[in-house]
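To keep things clear, I will list the structure first and then write my remarks on it.
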There are 2 protein chains.
Amino acid sequence: MPTEEIWLALESPEDIADAIKAMRVRGAPLIGAVAAYGLALAALRSGARDKDGLLSDLRKAADLIRATRPTAVNLFWALERVLRAVKNTSGDVEALKRAAVDEANRIAAEDVALNKRIGKHGQELVPDGSTVLTHCNAGALATVGYGTALGVVRAAIEAGKAVKVIATETRPLLQGARLTAYELLKDGIPVTLITDNMVGYVMAEGMVDLVIVGADRIVRDGVFNKIGTYSIAILAKEHKIPFYVAAPTSTLDLERSSDDVIIEERAPEEVTHIRSIRIAPEGVDVLNPAFDFTPMRYITAIITEDGVFKPGDLLKRYGVMAKLHKGPRGH
Amino acid sequence: MPTEEIWLALESPEDIADAIKAMRVRGAPLIGAVAAYGLALAALRSGARDKDGLLSDLRKAADLIRATRPTAVNLFWALERVLRAVKNTSGDVEALKRAAVDEANRIAAEDVALNKRIGKHGQELVPDGSTVLTHCNAGALATVGYGTALGVVRAAIEAGKAVKVIATETRPLLQGARLTAYELLKDGIPVTLITDNMVGYVMAEGMVDLVIVGADRIVRDGVFNKIGTYSIAILAKEHKIPFYVAAPTSTLDLERSSDDVIIEERAPEEVTHIRSIRIAPEGVDVLNPAFDFTPMRYITAIITEDGVFKPGDLLKRYGVMAKLHKGPRGH
C-alpha cells in the first residue's frame with residue numbers, strides 16, 4: 001500500500017503472529033479479529049484427542065500471539081474470548097474446535113456491526129459541511145470493515161452530510177498516507193494529506209472543525225493510541241477544537257491505569273529508513289514508541305457502540321462492566 | 001545528505017537562484033549569504049561600462065534571486081545590502097564590482113561571527129546536563145558556519161556543559177534527520193532523532209529541558225520558521241518548557257506583522273514522495289506550507305547577537321533600528 005493492494009493467506013498461528021508483529025495487519029480491532037482466527041487455526045490444526053490436550057495447544061498458540069504486541073488490548077481480549085468459548089463448550093474434540101472457529105467468526109462479524117453503531121452515534125457530533133482531522137488509520141483497514149473514526153465519517157456522509165477529512169501522514173509507518181488516504185479516495189470521500197507537523201498550522205488557519213481518532217487501549221485515566229495522538233489532543237485543546245475517540249468497548253480496560261500499560265518500542269529502522277531508503281546518518285540514536293498516552297482531560301468524548309460518553313460518564317457507564325471485557329494483563 | 005556530502009560550484013546568478021529555489025542551499029542566514037554572492041557573480045559577469053549599466057544588471061539579477069522564496073527575510077536584506085554598497089561607492093566599474101564582492105564577503109564573514117555571539121548569549125540559558133529539543137536545521141548547514149540554534153548548543157558545550165539534543169526529523173524534507181543529526185554526529189554532540197509527532201511524548205516523559213529553534217523572519221507579533229515550529233511551541237507551553245528562538249538581527253522585520261508575510265506553498269510531491277518513492281495514493285490532495293507562524297505569546301525569549309530578549313523587550317530594543325535592516329517587502 002498505497003501502490004499495490006496485496007492479500008495475504010495466513011494459514012497457521014505462526015503466520016498470524018508474524019503478520020501482527022510485522023504490522024502486515026494492524027489496527028486494534030483488526031488485530032483482535034485476526035488473533036481470534038489464529039486460535040481457530042490452532043484448533044483446526046491440533047492433533048489433541050481430548051479437551052485438556054486441545055486447551056493446552058490453544059494456550060501455547062495464545063502465548064505466541066499474545067507476545068507479538070503489548071499495547072492494544074483487543075489482542076488479549078479476543079484470545080481470551082476464544083479460549084473461554086472452548087472452555088465453556090462440552091462435547092467431543094470436533095465440537096470444541098467448531099466452538100473456537102465459531103467464536104472467531106462471531107468476533108469478526110460483530111466488529112463490522114459495532115463499527116456501524118459507533119458510526120451511528122458518532123455522526124451526530126459531525127456538523128454538515130465540517131472538516132474532520134484524523135490521525136493514523138482507524139478505518140476499514142484497521143478493522144474487519146467500516147472503521148471506527150472513519151466509520152463515523154462514513155456514517156455522517158451516509159446521513160447526507162458533506163464531510164471532508166484531513167489525514168496526517170503518521171510517521172514512521174505512514175498509515176495516514178498509505179491507508180487512510182487510500183481508503184477514503186477509493187470511497188470518494190474528500191481527503192487532504194498533511195505531514196504530522198502541519199497539525200498546528202491547519203488548526204490555526206481554521207481548517208479543522210473536529211478531531212476523531214481511534215484507540216488501542218482505553219484505561220481509567222486516558223487513551224493509548226498511535227504516537228502523535230497526544231500532541232494532536234493538546235493542539236486541539238489550544239485551538240478549542242473538540243477531540244473525540246471512537247472505539248468499540250473491547251478497547252476498554254478501565255480497571256487499569258496508564259501506569260499499568262507498556263508502550264511498545266519498535267525497531268529504529270522504521271525511523272531511519274523509509275521503505276529501503278536511508279534518511280538519517282548511520283549511528284544516530286533513535287526513539288520509536290509506537291503509541292502515546294492522552295490523559296482524559298484532553299478528550300471531549302469517547303464514542304462506543306453504546307453511545308457518546310464524556311470521560312467521567314464513561315467510567316460510570318463501564319466501571320463495572322469492564323470486568324466482563326478484561327483480557328489478561330498487557331506485558 | 002545524509003549518505004553523501006556533495007559540494008556544488010554555483011557560477012552565475014541563475015545557478016544561485018536555482019539552488020535557493022530547489023533548496024540545495026537553505027536556512028535563512030545561508031540563503032542571505034548565497035544571495036549576496038549571487039549579486040557579486042552578477043557584478044563580475046556584467047559587461048556594463050558605467051554605474052547605471054552595472055546597477056541595472058544587478059537589479060535584474062536581484063529580481064531573479066528575490067523571486068525564489070518569499071518567506072525568509074534575510075534573502076531580501078542581503079540583496080539590498082549589496083545593491084546599497086554598490087550605489088554608495090564611487091569610482092570606475094571595476095571599483096564598483098569590487099564593492100559588490102567585498103560586501104558579499106563581509107556578509108558571509110559576519111555571519112559566523114554573529115552566530116558565535118548568539119551562541120555566547122544563548123548558552124547562558126542552557127543548564128549543564130540538559131537536553132535541548134530542536135526542529136529542522138538551524139546549524140552550520142543553515143548558515144555560513146556554527147549555526148544559530150545549534151550554535152547555542154555548541155557554545156554551551158564549549159563552555160564545558162554536558163548537553164544532549166533531540167532532533168525532530170522535520171517532514172517533508174527531513175532537514176532534522178538529514179542535516180541536524182548529521183552535523184551533530186560529525187561533531188560528537190549526542191543527538192537522538194525522533195519523528196515530528198513524538199514531540200508531545202518526549203515532553204510528557206520529561207526528556208526535554210528547553211526548545212531552541214531558528215527563524216526565517218521575525219515580525220512584530222511573532223516568528224516565521226519551518227512548518228511544525230508552531231505546534232512545538234504550543235506543546236512546550238503546555239509542558240512548561242522554555243521555548244527560545246535564536247536568530248541574527250538580519251532576520252528581524254519588526255515593521256511588519258504576520259499579515260504582511262506570505263507563507264511559501266511548495267510542491268505536493270515533497271509530501272507524497274520521499275526521494276523518488278511514492279508514499280501516498282495518486283490523486284490525493286496535499287497541503288505543503290514550508291513555514292508556519294508562532295505568535296510571540298508562545299516564545300520565552302529571542303536570542304540575537306546582541307543578547308537575550310523577551311518578546312516585549314525585543315520590540316523596545318529594535319523597534320527603531322529595524323528600519324536599518326529592512327529589505328524590500330516580501331511578495
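How would you order A:66-73, A:13-20, B:282-289, B:169-176 from highest to lowest mean count of nearby Cβ atoms within 10 Å? Write down the numbers at each step before the final one.
Details: A:66-73: 21.9, A:13-20: 20.0, B:282-289: 16.5, B:169-176: 26.2.
Packing order, densest peptide first, comes out as B:169-176, A:66-73, A:13-20, B:282-289.
Arrange the peptides A:154-162, A:189-197 so that the one whose residues have, on average, the most other Cβ atoms within 10 Å appears first.
Working: A:154-162: 16.6, A:189-197: 24.2.
Sorting A:154-162, A:189-197 by mean packing, highest first, produces A:189-197, A:154-162.
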Problem set entry | Under-5 Å amide H pairs with residue B:71, H placed in peptide plane, nonlocal only | B:264
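Please report the equivalent ellipsoid semi-axes of region B:49-133, computed as sqrt(5 x eigenvalue) of the Cα gyration tensor, largest first, in whole Å. It would help to have the intermediate numbers written out before the result.
On the way: eigenvalues 261, 52, 10 Å².
Semi-axis lengths for region B:49-133 are 36, 16, 7 Å.
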Problem set entry | Relative packing of A:221-229, A:306-314, A:101-109, which averages over residues the other C-beta atoms within 10 Å, highest first | A:221-229, A:101-109, A:306-314
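For chain B, what number results from the quotient of the Cα radius of gyration and 2.2 N^0.38 Å? Numbers along the way, then the final one.
Working: Rg = 19.7 Å, N = 331, 2.2 N^0.38 = 20.0 Å.
Working it through for chain B, the quotient is 0.99.
Taking only the C-alpha atoms, wrap a convex hull around region B:210-261 and report its volume per residue in Å³ as a whole number. Present the calculation step by step, with values, prior to reporting the outcome.
Details: hull volume 3.9 nm³, N = 52.
Looking at region B:210-261, the number lands at 76 Å³ per residue.
Let me have the relative contact order for region A:176-323, percent, based on Cα pairs under 8 Å that are six or more residues apart.
Working: 205 pairs, mean separation 37.6, N = 148.
Once normalised by length, the contact order is 25 percent.
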Exercise. Taking only protein heavy atoms and a 1.4 Å probe, what accessible area per residue, in Å², does region B:18-74 have with all protein chains in place?
Worked result: 39
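Work out the mean other chain Cβ neighbour count within 10 Å for the residues of B:181-187 and drop it here as an integer. Walk me through the intermediate numbers first.
Numbers: counts 8, 4, 1, 2, 6, 1, 0.
Mean partner-chain Cβ count within 10 Å for B:181-187: 3.
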Seminar exercise, completed: When B and A pair up, the total accessible heavy-atom area removed from solvent (1.4 Å probe), in Å² to nearest 100, is 4400
For this session: Sequence neighbours fewer than 8 away in the same chain don't count; with that in mind, list the lysines whose C-alpha is under 19 Å from residue A:237.
Result: A:226, A:310, B:237, B:240
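Please identify the helices of chain B, taking whole runs of DSSP H, that span at least 20 Å along their own axis as judged from the Cα atoms and have a mean Kyte-Doolittle score of -0.5 or higher. List each step's numbers first, then the result.
Working: long enough: B:28-45 (26 Å, 1.57); B:51-66 (21 Å, -0.33); B:93-122 (43 Å, -0.40).
Qualifying helices: B:28-45, B:51-66, B:93-122.
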Exercise. Which percent, nearest 5, of DSSP beta bridges in chain B are antiparallel?
Worked result: 45
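Tell me what chain A gives for mean residue ellipticity at 222 nm when only DSSP H runs of n ≥ 4 count, each as -39,500 (n - 2.57), the sum divided by the residue total, rounded to 500 deg cm²/dmol.
Numbers: 12 runs with 136 residues, N = 331.
Counting only the DSSP helices, I get -12500 deg cm²/dmol.
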Exercise. Hey, any idea what % of the protein assembly as shown's accessible area is carbon plus sulfur with a 1.4 Å probe?
Worked result: 51
Problem set entry | GNM flexibility winner over chain A from A:212, A:277, A:262 (Cα, springs under 10 Å) | A:277
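If you wrap a convex hull around the C-alpha atoms of the protein assembly as shown and split its volume per residue, what is the figure in Å³? Intermediate results must be reported in sequence, preceding the final value.
Details: hull volume 98.8 nm³, N = 662.
Given the Cα convex hull of the protein assembly as shown, per-residue volume reads 149 Å³.
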Seminar exercise, completed: Over region A:84-167, the quotient of the Cα radius of gyration and 2.2 N^0.38 Å is 1.49
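Within the set of other residues whose C-beta is less than 11 Å from the C-beta of residue B:216, count the net charge using Lys and Arg as +1 and Asp and Glu as -1.
+1
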Exercise. How high is the FRET efficiency from residue B:84 to residue B:113, r the C-beta distance, R0 25 Å, rounded to 0.05?
Worked result: 0.75
For this session: Distances from residue A:312 to the same position in the other copies: list them in nm, one decimal, shortest first, using label points 7 Å from Cα along Cα→Cβ.
Result: 3.6
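What is the average number of partner chain Cβ atoms found within 10 Å of a Cβ in B:289-297?
2
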Seminar exercise, completed: Scattering profile of region B:1-147 from the Debye formula, Cα beads only, expressed as log10 I(q)/I(0) at q = 0.10 Å⁻¹, is -0.39
Seminar exercise, completed: If each K or R counts +1 and each D or E counts -1, the residues other than residue B:45 whose Cβ falls under 15 Å of its Cβ total 0
Problem set entry | Spatially proximal aspartates and glutamates relative to residue A:161 (Cα-Cα < 12 Å; intrachain offsets below 8 disregarded) | A:124, A:128
For this session: Could you work out the mean count of beta carbons from other protein chains within 10 Å of each residue's beta carbon in B:234-242?
Result: 3
For this session: Give me the distance between the Cα centres of region A:6-56 and region A:198-276, rounded to whole Å.
Result: 28
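Per the Cauchy relation, a quarter of the hull surface: what is the mean projected area of the convex hull of the alpha carbons in region A:1-49, in nm²? Please report the intermediate quantities before stating the final value.
Details: hull surface 14.9 nm².
In nm², the orientation-averaged hull projection of region A:1-49 is 3.7.
May I ask you to give the average projected area over all directions of the convex hull of the Cα atoms of region B:165-297, in nm² rounded to one decimal?
Values: hull surface 38.2 nm².
Computing the convex hull of the Cα atoms and averaging its projections yields 9.5 nm².
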Problem set entry | Teacher prompt: residue A:50 distances to equivalent labels in other copies, 7 Å Cα→Cβ, nm | 11.4
For this session: Taking each label point as 7 Å beyond Cα in the direction of the beta carbon, state the distances from residue A:240 to the same residue in the other copies, shortest first, in nm.
Result: 2.5
Exercise. Hey, got the Cα dimensions of region B:7-81 along the principal axes, in Å, largest first?
Worked result: 35, 25, 16
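The values are calculated or read from the model by the stated rules, or taken from the named source; none is laboratory data. Here the structure is a predicted model, which is why all the values come from computation and not from measurement. Neighbour counts are summed over all protein chains in view; Cβ atoms, including those assigned to glycine, are modelled from backbone coordinates with ideal geometry. Accessible surface areas use protein heavy atoms only, side chains included; no ligands, DNA or RNA. Shrake-Rupley method; radii C 1.70, N 1.55, O 1.52, S 1.80 Å.
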